[in-house]
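Colleague: Below is the structure I would like to discuss, written out as structure tokens.
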Amino acid sequence: MVERLDVEFRSEGVTCRAWLYKADAAGTRPTVVLAGGWCYVREVVMPTYAAAFAAAGLNALVFDYRNLGVSDGDNRQHLDPWAQIRDYQNAISFLERHEAVDPHRIGVWGISYSGGHALVLAATDPRVRSIVSQVPVVDGFENMRRAHGTMEFRRLWAMILEDRNLRYEKPGQRLYLPTLLSIRKRRSRLGRSQRPYAPFSPLRRAKRRCTRTGARSNLSIS
């Protein structure tokens, strides 16, 4: 029977929280580290994979990045790819010291945004012995341009420049990208004929793939 433990580790002074799925096998085991894609929290998709790994004899650690989900961090919902990669690295450091883990057999799993993180980790951290990189984002600018289309990408770019000016003029303030939930609430007030937040229409197409989580309704990016 697969056992799931609540664990936590420190990443640059911030507490990240995780689930450790222990393999149904004796002794130290190879272990896979899993973290989410674009604004994922640990409840989305990853427990299914982690349980499958554990059933096959591998431990699996599923964690929330700093600022997301149940992990600490004051800059909530902020996406910083290099900080997330360092969170992966500190998760590995935590596992190297865990009694159930073989420190010489640690792998990384990533999907979408974190699929790109997995590729970076494979190239830069020699402790990573294997990776799974599913539908990875390897060029964020090009990915966003294709996802939004020419005109809506121009609107998104204008918002990014507006945010940059705001950060200079009013340090500490940010613009936020609305999530699917906030888009739907706004549409219900305005009526379906109007299109609030036009740059984010691809989010609506993803609604059938979304799972309800405890994430807040705003998101910021570096």
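The values are calculated or read from the model by the stated rules, or taken from the named source; none is laboratory data. Computed from a predicted structure; not experimentally measured. Neighbour counts are summed over all protein chains in view; Cβ atoms, including those assigned to glycine, are modelled from backbone coordinates with ideal geometry.
Colleague: Being more than 30 Å from residue 105 (Cα to Cα), aliphatic (A, V, I, L, M) and modelled with pLDDT of 90 or more is true for just one of 119, 175, 156, 161. Which residue is that?
Modeller: Matching residue, one of 119, 175, 156, 161: 161.
Colleague: Do we have residue 69 as of a type outside the set (S, T, N, Q), surrounded by 17 or more Cβ atoms within 10 Å (Cβ to Cβ) and on the phi > 0 side of the Ramachandran plot here?
Modeller: When the stated conditions are applied, residue 69 passes them.
Colleague: Taking into account only those residues within segment 10-35 that are outside any strand (DSSP E or B) and in contact with a strand residue (DSSP E or B) (Cβ under 7 Å, 6 or more places away or on another chain), which is farthest from residue 116 (Cα to Cα)?
Modeller: Going through the qualifying residues, I end up with 28.
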